[in-house]
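What follows is a single structure, written as C-alpha cells, with notes after it.
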Amino acid sequence: MSQTRTPKLCSGVYKIINEASQSSVRVHQHGRPMQLSYGFELLGVFEQWELLEQDKGEFIIRCMGLTRGQVGLDEGTMLINGGNPIPFSIEAVGDGLYAVKASRGESDYWGVSQTPTRQKPEVNLTLVAPPSEGEFEPTQLWRFERLDDVCA
C-alpha cells in the first residue's frame, strides 16, 4: 500500500466507510450492534457519526440518529449502549485510511468477519485481533468522510 498523507481527525460529524465493502457503518436502535449492509441504503442520520475528541487524542463516537447514541462494547461487538461510551483511538495508516482501536484495556481493532453479501446482507462490527505482520486487512480499515465544517 502506498503511503499518502492521511489527515488527523478532529471532532465533527462523519460517515464511516469500510474499505473492503465500501459500506457505511449504520445502526437503527439502542442495544443493537453497529453493522455494515449489503447494498447502499440511504439511512441519513443513522449512518452519521459524531466524533468527540477526548483526552489523549481518543474519541467518543456517537450515532447522530439516536439520543444517547454513544458507541460501547458488549462481548467484543460494537453497539449503541445508551450512554455508557468507551473511548477509541483512531490511527492514521495512510492513503486516507484509519484503524479504530478500543481504548479500555483492549488491544483489538474494529473489523468485520466478512464483507456483507446478498447471502449474508448484514455483518456486525466487532473487535478483531491486530495484524500479525503489521499490515491491516481491508476489513479492518475505515474511511472517515467529513459531513460538517472542516477542522480548524
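The values are calculated or read from the model by the stated rules, or taken from the named source; none is laboratory data. Quick caveat, the model's predicted, so the values are computed rather than measured. As a convention, Cβ positions derive from the backbone with ideal geometry for all residues, glycine included, and neighbour counts pool all protein chains shown. Side chains are part of the model used for accessible areas, which takes the heavy atoms of the whole protein and leaves out ligands, DNA and RNA. Shrake-Rupley method; radii C 1.70, N 1.55, O 1.52, S 1.80 Å.
Assorted remarks:
- Residues that are touching a strand residue (DSSP E or B) at 6+ places or on another chain (Cβ under 7 Å), surrounded by fewer than 19 Cβ atoms within 10 Å (Cβ to Cβ) and not in a loop (DSSP other than H, G, I, E, B), drawn from the stretch 73-86: Thr77
- Residue in the stretch 134-151 that is of a type in the set (Ser, Thr, Tyr), surrounded by fewer than 15 Cβ atoms within 10 Å (Cβ to Cβ) and under 20 Å from Pro33 (Cβ atoms) present: no
- Selection within the stretch 98-128: residues that are of a type in the set (D, E, K, R) and either more than 22 Å from Glu50 (Cβ to Cβ) or surrounded by 13 or more Cβ atoms within 10 Å (Cβ to Cβ) (or both). The member of this set that is modelled with the highest pLDDT is Lys101.
- Meets criteria (in contact with a helix residue (DSSP H, G or I) (Cβ under 8 Å, 6 or more places away or on another chain), outside any strand (DSSP E or B) and either open to solvent by 20 Å² or more (accessible area, probe 1.4 Å) or within 18 Å of Cys63 (Cα to Cα) (or both)) for Pro131: yes
- Meets criteria (more than 15 Å from the chain's Cα centre (by Cα), modelled with pLDDT of 90 or more and either open to solvent by 60 Å² or more (accessible area, probe 1.4 Å) or within 23 Å of Ala129 (Cβ to Cβ) (or both)) for Asp95: yes
- Residues that are among the small types (Gly, Ala, Ser), over 17 Å from Ser23 (Cβ atoms) and not in a loop (DSSP other than H, G, I, E, B), drawn from the stretch 100-128: Ala102
- Checking each residue in the stretch 5-33 for being assigned to a strand (DSSP E or B), crowded, with 16+ Cβ neighbours inside 10 Å and out of contact with any Cys (no Cβ under 9 Å at 6 or more places or on another chain) picks out Val13, Tyr14, Lys15, Ile16, Ile17, Asn18, Ser24.
- Residue in the stretch 39-57 that is exposed (fewer than 14 other Cβ atoms within 10 Å of the Cβ), in contact (Cβ under 8 Å) with a residue 60 or more places away in the chain and under 30 Å from Arg118 (Cβ atoms) present: yes
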